[in-house]
Amino acid sequence: MARVLVIDDEPDVVRLIVKVLSGRGHVVQVARDGASALARVKHEPPDVILLDSDLPKIDGAEVCRRIKTDESTTEIPVVMMTSSYIDIYDVGAEGGPEAFVVRPFVREVLANVVERVLFRR
């Protein structure tokens, strides 16, 4: 069982992710925008982060970069969700996520990617 922080502003997507991951025994917390997500990560570091690339206030690539370049959070694995093509240069080779999930996603694929990243940790 892992603590998963889902960072996404779309309520239907969040409900689906919570259902899938909690059904596999994970504790799922939610942040709706990049700014609140960064505060939560500092206060309550999760075991893994599932991050939407398109967020209000601070976009997903910048959230990921800040998490990965902060000494206190750099080891937290990040899985980035995107519905569009993202070039490695958009998120940066350094400070980038451990994995990507393309939306719309297959539930089992999402869960397997999250768990694979956790296992490598």
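The values are calculated or read from the model by the stated rules, or taken from the named source; none is laboratory data. Bear in mind the structure is a predicted one, so any value in this text is a computation, not a measurement. Note that each Cβ is placed from the backbone with ideal geometry, even for glycine, and that neighbours are counted across all protein chains shown.
Which of the residues that make up the stretch 21-58 are surrounded by fewer than 18 Cβ atoms within 10 Å (Cβ to Cβ) and touching a residue at least 60 places away in the same chain (Cβ under 8 Å)?
24, 47 - these are the residues of the stretch 21-58 that are surrounded by fewer than 18 Cβ atoms within 10 Å (Cβ to Cβ) and touching a residue at least 60 places away in the same chain (Cβ under 8 Å).
Mind listing whichever residues of the stretch 1-20 are buried (at least 19 other Cβ atoms within 10 Å of the Cβ) and without any contact (Cβ under 8 Å) to a residue 60 or more places away in the chain?
Listed by number, the residues that qualify are 5, 6, 7, 14.
Take residue 91 and tell me if it is touching a helix residue (DSSP H, G or I) at 6+ places or on another chain (Cβ under 7 Å), at pLDDT below 90 and either within 17 Å of residue 18 (Cα to Cα) or among the β-branched types (Val, Ile, Thr) (or both).
On the way: touching a helix residue (DSSP H, G or I) at 6+ places or on another chain (Cβ under 7 Å): yes; at pLDDT below 90: yes; either within 17 Å of residue 18 (Cα to Cα) or among the β-branched types (Val, Ile, Thr) (or both): yes.
It is true that residue 91 is touching a helix residue (DSSP H, G or I) at 6+ places or on another chain (Cβ under 7 Å), at pLDDT below 90 and either within 17 Å of residue 18 (Cα to Cα) or among the β-branched types (Val, Ile, Thr) (or both).
Find the residue count for the stretch 16-64, including only residues that are part of a helix (DSSP H, G or I), touching a helix residue (DSSP H, G or I) at 6+ places or on another chain (Cβ under 7 Å) and charged (D, E, K, R).
Total satisfying the criteria: 1.
Hey, does the stretch 36-50 have a residue that's under 19 Å from residue 73 (Cβ atoms), in contact with an Asp or Glu (Cβ under 6 Å, 6 or more places away or on another chain) and among the acidic types (Asp, Glu)? Break it down into steps so the answer makes sense when it comes.
Here is the first cut: in the stretch 36-50, the ones under 19 Å from residue 73 (Cβ atoms) are 36-50.
Checking which are in contact with an Asp or Glu (Cβ under 6 Å, 6 or more places away or on another chain) leaves us with none.
No: zero hits.
Exactly one of (1) closer than 19 Å to residue 101 by Cα; (2) crowded, with 16+ Cβ neighbours inside 10 Å is unmet by residue 73. Its number?
(1)
Scan the stretch 1-15 for residues that are under 14 Å from residue 41 (Cβ atoms) and either part of a loop (DSSP other than H, G, I, E, B) or at pLDDT below 95 (or both) and report the count. Give the derivation first.
Quick first cut of the stretch 1-15, residues under 14 Å from residue 41 (Cβ atoms) only: 3-7.
Checking which are either part of a loop (DSSP other than H, G, I, E, B) or at pLDDT below 95 (or both) leaves us with none.
Looking only at that region, the number is 0.
If you check every pair at least six apart or on different chains, which have Cβ atoms under 8 Å apart with a residue in the stretch 103-120 that is on the phi > 0 side of the Ramachandran plot and in contact (Cβ under 8 Å) with a residue 40 or more places away in the chain first and a residue that is assigned to a loop (DSSP other than H, G, I, E, B) and hydroxyl-bearing (Ser, Thr, Tyr) second?
Listed by first residue and then by second, the contacts come to nothing, as the list is empty.
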